[in-house]
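Report on one structure; see the data block that follows.
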Amino acid sequence: MSLAIRHWMTGLEDYPGWREWQRSKIERVLYFDDELTSRGVAEDEFIFSPEMEAQHAVVTLYLSLQDTVHALRDVVACPHRVIRV
């Protein structure tokens, strides 16, 4: 599954408008504090096609699930750890 996720994510570079949108996000971060070179207001989120949006949801949920598994594995590996809520 990880190879499929990697393939999907590398394919984003060829998705129309993705690279430019990512570049504009980086520029806004770099120039955020500089009033003289401010790049304007942040744009909304990137809009995928309905099919790509569904794929994005699956990838995001899978990565979240994978992160949860790793977090739980850490807790199980240290059973003496006390978790306070």
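Below is a table of values for the structure above.
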quantity	calculated
One residue from 19, 28 being modelled with pLDDT of 90 or more and assigned to a helix (DSSP H, G or I)	19
Cβ pairs under 9 Å, 6+ apart, first in segment 10-27 and in contact (Cβ under 8 Å) with a residue 24 or more places away in the chain, second among the β-branched types (Val, Ile, Thr) and outside any helix (DSSP H, G or I)	17/47
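The values are calculated or read from the model by the stated rules, or taken from the named source; none is laboratory data. Just so it is clear, the model here is predicted, and its values are computed rather than measured. Every residue, glycine among them, receives a Cβ derived from its backbone with ideal geometry; neighbour counts consider all protein chains shown.
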